[in-house]
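Please treat every number below as a calculation from the coordinates, not as lab data. Bear in mind the structure is a predicted one, so any value in this text is a computation, not a measurement. We place every Cβ from the backbone using ideal geometry, glycine too, and count neighbours over all the protein chains shown.
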Amino acid sequence: MKSKILFTLALIFTSTNLFAHPLHGTQSGFSNGFFHPLLGLDHILAMLAVGLWAMQMGGKARWIIPVSFVTIMTLGGVLGMNNINLPFAEIGILASVVVLGVLILAGIRLPLIAGSLLVGAFALCHGHTHGTELPAAVSGVNYAIGFAVTTIILHAAGSGIGAFVNKTAGEKLVRFSGAAIIAAGLILTYNYFL
C-alpha cells in the first residue's frame, strides 16, 4: 500500500505538465472538459483541498463549500468561453492552492458565507482558465459539464480522504496534509514565475 502511494506521488510531482491544458484530437466536449482539470497539478491540489477543507469545517459546509465552488467555477467558465478577461486568473489559481493549504493546516473554520465567498473567488479563476482553454469545435455546454463532473469527483475525493485520515490517524495528519498542499503550491508558484 505504501509503495503504491509513493509511486503515485512520484508520478504527480515529476509531471512536466503542471498546468492544465486542453486535450487535442477528436474527443467530445465532455471528455475534453472532464480531463482538463486532471492535467494540471494546480487544479488537482485545489480541488482536493476544497473537499478536505469542507470536511474539516463539518456540518453544512461539507456540501455547501463544494457546491459554491462548482457553481461559481461554471460561471467563470462561461466568462472564459466568451473571452471576457479576468486578469490574474492563473495567479488566483496558485493562490487558491496555498491559501486552502493554510486554512487546512491552521484548522480555520470560517463562517459559512465567508468560506463560500472565498472558495467562490478561487473558483472563478479556475473556471475562467477552463473556459479560455475550450478547444475549437467542441460543445461549450458539454465541456463545462465535463469539468464540473471532474471537479465534483475531486472534491468528494478530498473530503473522503480527509474523513478517512481524520478517523484513522487524527486531526494532526489532516493538518499536515495542509502543509504538503502549501509546499506544493509554493513550488508551483515558483515554477510559474521562472
Matching residues in segment 149-168 - criterion: being in contact (Cβ under 8 Å) with a residue 12 or more places away in the chain and either among the polar types (S, T, N, Q) or surrounded by fewer than 21 Cβ atoms within 10 Å (Cβ to Cβ) (or both): Val149, Thr150, Thr151, Ile152, Ala156, Ala157, Ser159, Gly160, Ile161, Ala163, Val165, Asn166
Pairs, first touching a residue at least 24 places away in the same chain (Cβ under 8 Å) and acidic (Asp, Glu) in segment 83-109, second assigned to a helix (DSSP H, G or I) and surrounded by 17 or more Cβ atoms within 10 Å (Cβ to Cβ), C-beta under 8 Å, six or more apart: Glu90/Cys125; Glu90/Thr129
Subset of segment 56-89 [surrounded by 17 or more Cβ atoms within 10 Å (Cβ to Cβ) and within 15 Å of the chain's Cα centre (by Cα)]: Ile65, Pro66, Ser68, Phe69, Val70, Ile72, Met73, Thr74, Gly76, Gly77, Ala89
Among (1) part of a helix (DSSP H, G or I); (2) touching a residue at least 24 places away in the same chain (Cβ under 8 Å) - the single one Leu134 does not satisfy: (1)
